[in-house]
Amino acid sequence: MKVRKQIEDAEIHSGRPKGSVRLCAVSKFHPQEDVYSAIEGGQLLFGENRVQEAYGKFPQVVSECKDVQLHIIGQLQTNKVKKAVEIASCIQSVDREDLLKEIEKQCAKLQKNIEVYFEIHTGEESKSGYGSREELFASLDNFMEGKYPHVKPAGLMTMAPFTDDKDLIRKSFSSLRLLREELNKKYPSLPIHELSMGMSGDYEIAIEEGSTMVRVGTALFGERDYGEK
Ligand SMILES: *Cc1c(COP(=O)(O)O)cnc(C)c1O
């Protein structure tokens with residue numbers, strides 16, 4: 001697979017250990033057959049940004065292939081959390097305290113543990129992500145107080161700004177890495193290690209800046225056909 005090879009090359013030229021970057025295959029807008037083909041090619045980690053769509057595709061996949069994991073990567077409404085928690089092993093797009101409360105509630109009902117990443121604004125015009133540093137700290141303080149026993153805070157996620165300016169993209173990724181360092185100092189007992197950053201157009205820069213997981217759709221599955229849905 002071409003993308004895997006490019007991830008490896010980027011690991012090498014960034015002086016990072018081989019295998020330090022995971023590939024999350026973003027299958028949104030692509031049919032279940034594409035997911036199965038990717039699994040045949042050895043891909044086990046998938047990302048979907050809409051719960052409804054994921055719910056149509058993944059329960060069957062996950063019941064047939066126990067090693068497959070699904071991450072939710074798109075904005076999540078509170079009323080979709082129940083279904084998200086049923087099918088996903090991680091929610092990467094946690095952007096507010098309310099969502100954490102609901103995730104904990106639904107996980108407790110299902111007696112299931114889940115990982116979350118905090119989505120962070122790192123580019124000027126990006127819309128999604130935690131409203132402010134203070135709000136993020138408040139959520140992390142709640143983890144420190146043991147309010148979310150079924151939820152493991154495992155990383156940070158960001159989307160670089162939509163621009164051709166490579167310096168801006170790089171700055172966005174490096175700021176996520178710096179935030180992780182800051183959080184690891186401030187909250188040494190929280191296991192916030194993952195940096196989910198890099199998409200089809202910018203994952204090589206993201207790997208140079210320390211990404212531990214790239215979320216790649218188009219470069220793996222081709223262009224999305226938004227017209228059909
Ligand atoms: C769609 C999407 C991706 C993948 O984007 P591509 O450019 O197709 O690789 C990554 N992350 C998020 C949050 C997405 O919504």
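The values are calculated or read from the model by the stated rules, or taken from the named source; none is laboratory data. None of the values given here were measured: they were computed from a predicted structure. We place every Cβ from the backbone using ideal geometry, glycine too, and count neighbours over all the protein chains shown.
In table form, for the structure just shown:
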{"read-out": "Contacts under 9 angstrom Cβ, first residue in the range 73-98 being more than 23 Å from residue 134 (Cα to Cα), partner aromatic (Phe, Trp, Tyr) and within 14 Å of the ligand (Cβ to nearest atom), 6 or more apart", "value": "90/117"}
{"read-out": "Residue match in the range 44-52 (condition: within 16 Å of the ligand (Cβ to nearest atom), in contact with a Lys or Arg (Cβ under 6 Å, 6 or more places away or on another chain), in a loop (DSSP other than H, G, I, E, B) and farther than 23 Å from residue 195 by Cα)", "value": "no"}
{"read-out": "Members of the range 1-43 that are among the β-branched types (Val, Ile, Thr) and either on the phi > 0 side of the Ramachandran plot or not in a helix (DSSP H, G or I) (or both)", "value": "21, 26"}
{"read-out": "Inter-residue pairs, beta-carbon under 7 Å, first under 19 Å from residue 23 (Cβ atoms) and assigned to a loop (DSSP other than H, G, I, E, B) and in the range 215-228, second within 8 Å of the ligand (Cβ to nearest atom) and of a type in the set (A, V, I, L, M, F, W, C), 6+ apart", "value": "217/26"}
{"read-out": "Among the residues listed as 189, 175, the single one being at pLDDT 95 or above, loosely packed, with under 13 Cβ neighbours inside 10 Å and more than 22 Å from residue 26 (Cβ to Cβ)", "value": "189"}
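Rundown of residues vs (1) assigned to a helix (DSSP H, G or I); (2) surrounded by fewer than 21 Cβ atoms within 10 Å (Cβ to Cβ); (3) touching a helix residue (DSSP H, G or I) at 6+ places or on another chain (Cβ under 6 Å); (4) at pLDDT 95 or above, yes/no style:
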position: 92; (1), (2), (3), (4): no, no, no, yes
position: 124; (1), (2), (3), (4): no, yes, no, no
position: 127; (1), (2), (3), (4): no, yes, no, no
position: 155; (1), (2), (3), (4): no, no, no, yes
position: 164; (1), (2), (3), (4): no, yes, no, no
position: 180; (1), (2), (3), (4): yes, yes, no, yes
